[in-house]
Amino acid sequence: MTLAMMLPSALPFLRTYQDIAAIAPGNDASSRVGVTAGYLTAWLGFSLLAALAQGWGTQGTIITPHGIIIAGWAGASLLLIAGAYQLSPLKRRALAVCRQPMQFLFLHWRSGHLGAGKIGLLHGLHCVACCWALMLLGFVAGTMNMLWMGLATLIMGVEKLGWGGNAVTRCTGFALLAAGLFLAGKLSGTQ
């Protein structure tokens with residue numbers, strides 16, 4: 001699911017890499033495979049950590065086996081964390097890398113398939129830094145909730161590729177903070 005969500009927003013980076021690699025010395029088809037493999041490695045690492053968190057959460061009755069948080073405090077916390085992260089300088093820096101693949105490639109270029117793998121991994125790590133908080137919100141809506149995953153994919157795609165990306169990032173951040181505060185207030189009122 002993670003790969004299906006993240007590959008569309010990685011296409012500009014991968015296309016830009018392919019264009020440069022086609023004219024750069026020491027690159028062939030294996031370098032294109034290397035850059036993609038490096039990128040996917042970053043997201044597979046994130047997915048593994050998320051799966052481990054889900055396994056831990058099901059043991060502690062925080063998350064259902066279907067990947068939905070049942071502990072209200074955990075849901076409110078994730079909403080607040082994701083909302084705050086959307087508005088943070090770290091998010092802005094990670095988004096800048098995703099939005100400017102040409103600049104990133106010129107700064108980090110390495111020839112050959114191993115160099116390509118390093119470039120892909122580094123870009124993938126920036127992408128994880130950009131999107132991890134929104135991805136973890138799958139635990140609030142359900143990790144297999146196709147509606148949420150589609151909405152998250154759309155938000156992340158517009159953030160990275162769209163002209164209104166900054167506005168979407170800010171609006172999403174404020175909406176998540178409001179939802180987290182609402183849920184926290186509702187939980188404190190019932191206790």
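The values are calculated or read from the model by the stated rules, or taken from the named source; none is laboratory data. Please read these numbers as outputs of a predicted model, since none were measured by experiment. Cβ atoms come from the backbone with ideal geometry, glycine included; neighbour counts cover every protein chain shown.
Residues considered: Met144, Met135. Of these, the only one that is in contact (Cβ under 8 Å) with a residue 40 or more places away in the chain and part of a loop (DSSP other than H, G, I, E, B) is Met144. With respect to being touching a Pro at 6+ places or on another chain (Cβ under 9 Å) and assigned to a helix (DSSP H, G or I), His123 fits the description. With respect to being at pLDDT below 95, in contact with a Lys or Arg (Cβ under 8 Å, 6 or more places away or on another chain) and surrounded by fewer than 16 Cβ atoms within 10 Å (Cβ to Cβ), Leu151 falls outside the description.
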